[in-house]
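Down below is the structure, laid out as structure tokens.
The values are calculated or read from the model by the stated rules, or taken from the named source; none is laboratory data. Keep in mind that this is a model prediction, so the values were computed, not measured. Cβ sites come from the backbone with ideal geometry, for glycine too, and all protein chains shown count toward neighbours. Ligands, DNA and RNA are excluded from the accessible area calculation, which covers all protein heavy atoms including side chains. Shrake-Rupley method; radii C 1.70, N 1.55, O 1.52, S 1.80 Å.
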Amino acid sequence: MTPFTFARATSPEDAARLAALEGHRLLGGGTNLVDLMRKGVEHPTTLVDVTALSTEIIETARGGLLIGAATRNTALAAHPLVRTRYPVLSRAILAGASAQIRNMATVAGNILQRSRCAYFNDPAASRCNKRAPGSGCDAREGFNRYHAIIGGSPACISAHPSDMCVALVALDAQVHLLGMTGARTVPLAEFYRLPGDTPQIETVMAPGEIITAIELPPLPVAARSDYRKVRDRASYAFALVSVAACASVQDGVLTELRLAFGGIAPKPWRALHAEQALLGGPVTREAVFAAMDLELAEAAPLAGNAFKLELARRTAVAVLADLTGVTA
Amino acid sequence: MAISVNGTDIPVPDDPRVSLLDLLRERAHLTGTKVGCNQGACGACTVLLDGERVLSCLTLAVQADGRSVTTIEGLGDGAALHPMQQAFIDHDGFQCGYCTPGQICAAVAMLRELQGGVPSYVTADLAGQGTVTAEEIRERMSGNLCRCGAHNGIVEAILQVAKEQAA
Ligand SMILES: Cc1cc2nc3c(=O)[nH]c(=O)nc-3n(C[C@H](O)[C@H](O)[C@H](O)COP(=O)(O)OP(=O)(O)OC[C@H]3O[C@@H](n4cnc5c(N)ncnc54)[C@H](O)[C@@H]3O)c2cc1C
Ligand code: FES
Ligand code: FES
């Protein structure tokens, strides 16, 4: 690890001021950043501890929830209003990492956790355009089981590793940002950038901007929601494919639907095409398969991850069948 | 600028690169806490920070400034073993013993989480309480790997302690 100095932000404004300084990086739980520093992927000159940012979860006037950036993942998953109104979010968080890591990890850190691609995490011996722009991508011809099948680019096929964010994108969460020029709010669905030619630029955050909170809108359909994660072992492994869904059915047809996928794309993937195709119809295996074919029409799977096409649509069928009580 | 480790104040190191794990082992000479992967993947370094289980390998010592840490050395009461330690012995919850300090610290905090109403991925009804079952324990302990495969004994040990606490 290269030497660095350690500072503590005393307020959101202080954090934003420090974040704008050369070489400064914010530290939440440190479960990702400390690891990346030890691996030589990240080299901040100053770490700014932002765990004193808000850890409150409060009901908004509209009836949604405002979640402070420093809220620990465990606290969010265990919150009574999250468990009853947005169970998909609790379940997604609980599907991620381990209890120890969830106790440490913050909400903002989870959103900004970086790639688990083996080549990104191996500066000594691997090429990676995200870590070292222009160096090449060893994943395309290498081990790409965990990589994206859609939304990637010739430069980068890294998949976004977060479980929590798959649920958040299904719930239309908003990200509250604060920078030197003021505060703004961005939908999480528009927060991440696809890699294109610049995989090192991962979000729409401006330099020096920080996350202060996440906001969930009131969303009655989310009371019937779930998250399912398929992985190489039963627990404590990143997703091969995961599905977040909120659904309601009346007289046998889907009247409301939110569907998002993890493990298949460089960002948590909201499946708007599939939602459109399924709304107003019954939950049948054929209908879900057809909707997923539409959703993944532009998929570009590789040798190690082509199985995700089938896995994604089958997992979608299973989740929707469970949620709506039909046997698809 | 100090961290209370098992009730004794340890100064926070000047170099912020020092992890809590290295502080415990190299400076406080408390070698019960083990180094496994040093990257968050095995749980061998699990300790309690203000009573909650965390990974000491991914915690910088400075992050623990002003807080209290309990390691395996501090769990028991002087000569007496903590009930979880005794239960691991009773149920053969280890073989080589390398993962054991982390397992035991994790297990102690895990039961508190379960009893405090924190749900897990396998809790069927998120609106309700998780119950102390082997399935819940396996999921909640999945952050602690055991290369010797002592998991069955570990689950039995934890079930025993949960039963004793309930009695
Ligand atoms: C072994 C292992 C297994 C894991 N498995 C999973 C899994 O299955 N699913 C999953 O979803 N995750 C998994 N994770 C990842 C884990 O969820 C993340 O490491 C964690 O959520 C990051 O949160 P943190 O607070 O520790 O972030 P940190 O490491 O502190 O920070 C991460 C990034 O966020 C930035 N940041 C932090 N706070 C702010 C802020 N307020 N504003 C702006 N930037 C900020 C930091 O500068 C840094 O770039 C795993 C991690 C490990 C080590
Ligand atoms: S040594 Fe900390 S998790 Fe493996
Ligand atoms: S007892 Fe040997 S690793 Fe668990």
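Those residues that are touching a residue at least 40 places away in the same chain (Cβ under 8 Å), closer than 14 Å to A:R228 by Cβ and more than 16 Å from ligand 2 (Cβ to nearest atom), I need them from segment A:94-111; list them, please.
A:A95
If you take the residues of segment B:39-59 that are of a type in the set (G, A, S) and either over 19 Å from A:D49 (Cα atoms) or surrounded by fewer than 16 Cβ atoms within 10 Å (Cβ to Cβ) (or both), which of them is farthest from ligand 2 (Cβ to nearest atom)? Give the derivation first.
To start, the set of residues in segment B:39-59 that are of a type in the set (G, A, S) comprises B:40-41, B:43-44, B:51, B:56.
Of the ones still in play, those that are also either over 19 Å from A:D49 (Cα atoms) or surrounded by fewer than 16 Cβ atoms within 10 Å (Cβ to Cβ) (or both) are B:40-41, B:43-44, B:51.
Working: B:G40: 5, B:A41: 6, B:G43: 5, B:A44: 5, B:G51: 19 Å.
It comes out as B:G51.
Do the conditions hold for A:P195, that is, is it in a loop (DSSP other than H, G, I, E, B), at pLDDT 95 or above and within 23 Å of A:A61 (Cβ to Cβ)? Don't jump to the end; show me each part of the working.
Details: in a loop (DSSP other than H, G, I, E, B): yes; at pLDDT 95 or above: yes; within 23 Å of A:A61 (Cβ to Cβ): no.
Answer is no for this residue.
Only one of these conditions is not met by B:V155: (1) closer than 25 Å to B:A28 by Cβ; (2) among the β-branched types (V, I, T); (3) not assigned by TED's automatic domain parsing to the domain that holds B:H29. Which number is it?
The one condition B:V155 does not meet is (1).
Is it the case that B:V18 is touching an Asp or Glu at 6+ places or on another chain (Cβ under 9 Å), within 11 Å of another protein chain (Cβ to nearest Cβ), open to solvent by 10 Å² or more (accessible area, probe 1.4 Å) and on the phi < 0 side of the Ramachandran plot?
Numbers: touching an Asp or Glu at 6+ places or on another chain (Cβ under 9 Å): yes; within 11 Å of another protein chain (Cβ to nearest Cβ): yes; open to solvent by 10 Å² or more (accessible area, probe 1.4 Å): yes; on the phi < 0 side of the Ramachandran plot: yes.
Considered against the rule, which asks whether it is touching an Asp or Glu at 6+ places or on another chain (Cβ under 9 Å), within 11 Å of another protein chain (Cβ to nearest Cβ), open to solvent by 10 Å² or more (accessible area, probe 1.4 Å) and on the phi < 0 side of the Ramachandran plot, B:V18 comes out as yes.
Here is a list: A:E286, A:E275. Which entry is exposed (fewer than 15 other Cβ atoms within 10 Å of the Cβ), in a helix (DSSP H, G or I) and of a type in the set (D, E)? Write out each step before concluding.
Working: A:E275 fails: exposed (fewer than 15 other Cβ atoms within 10 Å of the Cβ).
Of A:E286, A:E275, the one residue that is exposed (fewer than 15 other Cβ atoms within 10 Å of the Cβ), in a helix (DSSP H, G or I) and of a type in the set (D, E) is A:E286.
Tell me, yes or no, whether segment A:59-68 has at least one residue that is open to solvent by 40 Å² or more (accessible area, probe 1.4 Å), in contact (Cβ under 8 Å) with a residue 24 or more places away in the chain, more than 14 Å from chain B (Cβ to nearest Cβ) and among the acidic types (D, E). Spell out the reasoning first.
If we filter segment A:59-68 for residues that are open to solvent by 40 Å² or more (accessible area, probe 1.4 Å), which is where we start, we get A:59, A:61-62, A:66.
From what's left, in contact (Cβ under 8 Å) with a residue 24 or more places away in the chain: A:62, A:66.
With more than 14 Å from chain B (Cβ to nearest Cβ) added as a condition, the list becomes A:62, A:66.
With the extra rule that they be among the acidic types (D, E), the set shrinks to none.
The answer is no, given that none of the residues of segment A:59-68 is open to solvent by 40 Å² or more (accessible area, probe 1.4 Å), in contact (Cβ under 8 Å) with a residue 24 or more places away in the chain, more than 14 Å from chain B (Cβ to nearest Cβ) and among the acidic types (D, E).
Just one of the numbered conditions (1) within 13 Å of ligand 1 (Cβ to nearest atom); (2) open to solvent by 10 Å² or more (accessible area, probe 1.4 Å); (3) under 18 Å from A:M1 (Cβ atoms) is not true of B:G36; which one?
Condition not satisfied by B:G36: (3).
Could you say which residue among B:Q39, B:Q63 is part of a loop (DSSP other than H, G, I, E, B) and closer than 20 Å to A:T106 by Cα? Give the derivation first.
Details: B:Q63 fails: part of a loop (DSSP other than H, G, I, E, B).
Sole residue among the options that is part of a loop (DSSP other than H, G, I, E, B) and closer than 20 Å to A:T106 by Cα: B:Q39.
Kindly check whether there is at least one residue in segment B:147-162 that is in contact with a helix residue (DSSP H, G or I) (Cβ under 8 Å, 6 or more places away or on another chain), open to solvent by 20 Å² or more (accessible area, probe 1.4 Å), facing another protein chain (nearest Cβ under 9 Å) and without any contact (Cβ under 8 Å) to a residue 24 or more places away in the chain.
No; the residues of segment B:147-162 include none that is in contact with a helix residue (DSSP H, G or I) (Cβ under 8 Å, 6 or more places away or on another chain), open to solvent by 20 Å² or more (accessible area, probe 1.4 Å), facing another protein chain (nearest Cβ under 9 Å) and without any contact (Cβ under 8 Å) to a residue 24 or more places away in the chain.
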